[in-house]
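Take a look at the structure below.
The values are calculated or read from the model by the stated rules, or taken from the named source; none is laboratory data. Not measured: the values here are computed from a predicted model. As a convention, Cβ positions derive from the backbone with ideal geometry for all residues, glycine included, and neighbour counts pool all protein chains shown. The protein model used for the area step is the full one, side chains on, heavy atoms only, and it has no ligands, DNA or RNA in it. Shrake-Rupley method; radii C 1.70, N 1.55, O 1.52, S 1.80 Å.
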Amino acid sequence: MKLLTTVNDLQFEIQQLGAESQVGFVPTMGALHAGHISLVKQAVKENRIVVVSIFVNPTQFNDAKDLERYPRTLENDMHLLEPTGCAIVFAPNAKEVYPEPDKRKFNFGKLEEVMEGKHRPGHFNGVAQVVSRLFDMVKPAKAYFGLKDFQQLAIVKNMVKQLQLPVEIVPCAIIREKSGLAMSSRNELLTEEQRKNAAVISETLFKAKELKAQNSVQEIVDWVTETINKNPFLDVEYFEIVDDEQLQPVKNWEKDSTKVGCVAVFCGEIRLIDNIVF
Ligand code: PAF
């Protein structure tokens with residue numbers, strides 16, 4: 001496994017390996033956990049070689065504090081990746097990714113007006129900028145994204161369509177801690193007590209799915225919000241039940257689309273997201 005930091009080295013190495021147009025790609029911001037590793041393992045199974053990028057992308061942070069405290073653990077990340085069969089870890093600096101400031105403004109229409117898009121203005125524009133830059137550099141045949149970031153996945157698929165990029169986007173299941181808490185690099189920032197209490201988020205989502213049959217959409221929305229907020233460590237920013245394509249809030253459980261309940265919760269200063277398919 002090679003650690004490379006420049007586009008030239010990356011493209012040279014891919015060429016040396018004879019793997020052009022057969023690259024599986026897992027973009028990450030590092031602070032890797034079992035969720036990322038499951039994406040990498042799936043990519044290793046399905047591609048000639050796998051590139052994992054580690055880059056904490058400044059343009060997708062709308063909160064400077066969040067960017068500053070985002071965990072950076074390259075050495076540990078390398079240890080975790082070593083046994084997976086990943087061929088290249090690409091860890092560029094900001095100048096390499098953005099030799100010029102990226103001024104592109106994407107238009108994702110309604111997709112970016114809800115949930116994360118509404119509460120983190122500019123976030124998805126930054127995600128689209130970095131993912132398209134990384135795709136340009138890595139030129140993957142397939143790229144792997146976790147379903148925990150459900151809206152991000154929809155945005156990336158939409159961006160690929162708009163830019164007509166020749167890459168297949170592969171969604172990967174949410175990986176959870178034993179407690180049910182969805183794995184996230186941000187979990188590392190929680191105290192032990194916060195982490196224990198954060199399990200209430202997924203517990204509530206699982207229970208909501210059981211309660212669906214006897215309750216309206218609005219009743220479930222209210223119940224989830226109240227139940228999570230009852231925990232003194234947790235503060236719900238939003239919980240919405242949306243259709244899985246346009247991600248627009250639904251009013252009833254009509255059968256012609258899949259419904260997904262998406263939640264963002266503050267646990268102290270740490271913002272956690274999760275979702276469940278109803
Ligand atoms: O999901 C993430 O970790 C990031 O948003 C991504 C896709 C690596 C882009 O920086």
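A few notes on this one:
- Accessible-area composition of the range 97-234, carbon plus sulfur, in percent [1.4 Å probe]: 52
- Backbone N within the range 257-274 under 15 Å of label point (7 Å from residue 219 Cα along the Cβ vector): none
- Heavy-atom accessible area for residue 81, with the other protein chains in place and a 1.4 Å probe, reaches approximately 0 Å².
- Gyration tensor (alpha-carbon) shape descriptor, the range 153-278, a/c threshold 1.5: oblate
- Taking the range 32-163 and dividing mean pair separation by its residue count, relative contact order in percent (alpha carbons under 8 Å, at least six apart): 33
- In sequence order, calculated HN-Hα J values of the range 175-185 (Karplus, 6.51, -1.76, 1.60; Hz; x Gly/Pro): 9, 10, 6, 3, 6, x, 4, 5, 5, 7, 4
- 20 Å Cα-Cα threshold exceeded, pairs from 196/230; 41/207; 105/139; 196/259; 178/212: 41/207; 105/139; 196/259; 178/212
- Beta bridges assigned by DSSP with both partners in the chain are antiparallel in approximately 50 percent of cases.
- Three-way shape call for the range 29-181 based on the alpha-carbon gyration tensor, with the a/c threshold at 1.5: rounded
- Candidates 152, 214, 248, ranked by Gaussian network fluctuation over the chain, Cα under 10 Å, top entry: 214
- Residue of 26, 242, 221 that the Gaussian network model of the chain assigns the largest fluctuation, springs spanning Cα pairs under 10 Å: 221
- Average projection area in nm² (convex hull over Cα atoms of the chain, one quarter of hull surface): 14.5
- Portion, in percent, of the accessible area of the range 32-78 that falls on carbon or sulfur, probe 1.4 Å: 52
- Hydrodynamic analysis of the range 152-201 uses the Kirkwood radius over alpha carbon pairs. Inserted into Stokes-Einstein at 25 °C and 0.890 mPa s, it gives a translational diffusion coefficient of 185 µm²/s.
- With protein chains left intact and a 1.4 Å probe, residues in the chain average 49 Å² of accessible area per residue.
- Full-stretch length increase - residue 196, residue 94 - with 0.36 nm per residue and alpha-carbon distance subtracted: 33.2 nm
- For the chain, relative contact order (Cα pairs under 8 Å, six or more residues apart, normalised by length) works out to 18 percent.
- Applying a length cut-off of 24 Å (Cα extent along the axis) and a mean Kyte-Doolittle floor of -1.0 to the DSSP H helices of the chain leaves 192-211.
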